[in-house]
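Just so it is clear, none of the values below were taken in a lab; they were calculated from the coordinates. Treat the numbers as computed from the prediction; the structure is a model and nothing was measured.
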Amino acid sequence: MKTVVVFSGAGLSKESGIPTFRDSLNGLWENYRIEEVASREGWLSNPSAVLGFYAARWRNIQACEPNAAHFAIANLGRKCRVINITQNIDDLLEKAGASDVMHLHGRIQSRKCEWHRSISGIPGDTEFHCDYRIDHTAPVQLGEKCPRCGGQLRPDIVWFGEAVDMQWDYFEQLASATDVFIGVGTSGQVEPAATLLSVFLPAKERYFIDPSPPKGLDKYQVIQGAAAEEIPKLVRNLLS
């Protein structure tokens, strides 16, 4: 059975009606800077604004359905071992039927304590650690407290300035056993995504799909086009 790794960004879900992170700052959020609604500093200065921003994103995601690319990836998983590594916070891969999904930037359907992976009773410190995390069916509200330590609950999303759990050792081991690597819907230019594309160069076949693919992908077979159109084609070829 082939091992396939799919590394996806916002372009995978955009055709389902989920705007990219920066696009979602339009409309009601056009008066905010990204740092004001997606950083610990923004959280400390205006938690209501942060929760309002993610409540809007939660409602948007709940109203969206998987597109042809999500379903094609899930279908590939019925014939191959498919591991999804995604930068997306939505659950559209899971809705489509994908079973092995790693969310590098967190999940909108999960909440955690504001002291999660923090340290000494001061947000952003590093000694106190509350690991409370739970799935939820509604946006987080101001005043919802952690049942373990009493901290305010927050969306389980990686903010600017927070570390992404990349599990480099695992990825390097996985790369050596990967038959097919597919990058889709990501610029691939920002860390840690840029390094991840290099880590999987040992894969036997390497594809990159995007309407505006970046330069520097000489070792990839680059397919210019939208995910919902090109991923199903590639999956059909891989299964033929």
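Here is how the numbers come out for the structure above:
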item	result
DSSP bridge orientation in the chain - percent antiparallel, rounded to nearest 5	25 percent
Span-rule helices in the chain, defined as complete DSSP H runs reaching 20 Å or more along the axis (Cα) with Kyte mean at least -0.5	47-62
